[in-house]
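Novice: Before I ask anything, here is the structure I am working with.
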Amino acid sequence: MSEKLSLLFERRSIRAYVEGDVSKEQIEQIVKAGFAAPSAANQRPWHITVIEDPALLQKLAAAGKKPCGMVPVVLLISGDKRRFFEGERAAVQAYWQQDCAAMTQNTLLAATAFGLGSLWMGVYPNQAMVDAVCEILNLPEHLVPFALVGIGHKGEEKEARSQFEPEQLVWQ
């Protein structure tokens, strides 16, 4: 298998972490990788909030996203309504969740490339969780929380794997 492709299989959801900071340089590179994601019609309707404040991380954990209390940094990927196309291209707005999902996956893969653990924690479309995240982080109205990505040093190792299911593939 290609060394480049192996990263896709090495990415695993990590739910146990050990103490240790994630460097600012690593966070910046992970964020930049997120912004390299594709988006429908190049709308790029996303926003990233880097959360390092331990008090905010604990509040997110108490709101139901427990892993936020175990990592030194969490990225909040949000849809930014100010960036939604209008007029004859307004139909593209409907794809903001897919665009944010692509951004989220890129951040997970970048964390894996640094040997860090990461975990995608869904927020949208759970309105109660959307409201809780907005309140905890005092988000402006134009941001719609989509996902939280916890990033830290792995406290567990998981083997690379494929979840390929041949019966879910059809060639036509």
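Values quoted throughout were computed directly from the atomic coordinates according to the rules given, and no laboratory measurement underlies them. Here the structure is a predicted model, which is why all the values come from computation and not from measurement. Cβ atoms come from the backbone with ideal geometry, glycine included; neighbour counts cover every protein chain shown.
Novice: Could you name the lysines whose alpha carbon sits less than 18 Å from that of residue 66, not counting residues in the same chain fewer than 8 places away?
Specialist: Leaving aside lysines fewer than 8 places away in the same chain, those within reach of residue 66 are 154.
Novice: Now a separate question. Specify the inter-centroid distance of the range 1-78 and the range 90-109, based on alpha-carbon positions, in whole Å.
Specialist: Cα centroid to Cα centroid, the span is 14 Å.
Novice: Before anything else, pin down the relative contact order of the range 14-154: Cα pairs under 8 Å, at least 6 apart, normalised by residue count, whole percent.
Specialist: Rounded, it is 36 percent for the range 14-154.
Novice: Here's something else I'd like to know. Would you kindly state the longest site-free stretch of the chain, with sites defined as GluC sites (Glu not before Pro) in a DSSP loop (not H, G, I, E, B) surrounded by at most 11 other Cβ atoms within 10 Å?
Specialist: 20-85
Novice: Which whole-Hz couplings ³J(HN,Hα) result when phi for each residue of the range 46-63 is put into the Karplus expression 6.51 cos²θ - 1.76 cosθ + 1.60, θ = phi - 60°, listed in order with x for Gly and Pro?
Specialist: Each residue's phi maps through the Karplus curve to give 10, 8, 10, 10, 8, 10, 10, 5, x, 5, 5, 4, 5, 5, 5, 4, 5, 7 Hz.
Novice: Could you work out the helix-only [θ] at 222 nm for the chain, with each DSSP H run of four or more residues adding -39,500 (n - 2.57) and the total divided by the number of residues, to the nearest 500 deg cm²/dmol?
Specialist: Rounded to the nearest 500, the figure is -10500 deg cm²/dmol.
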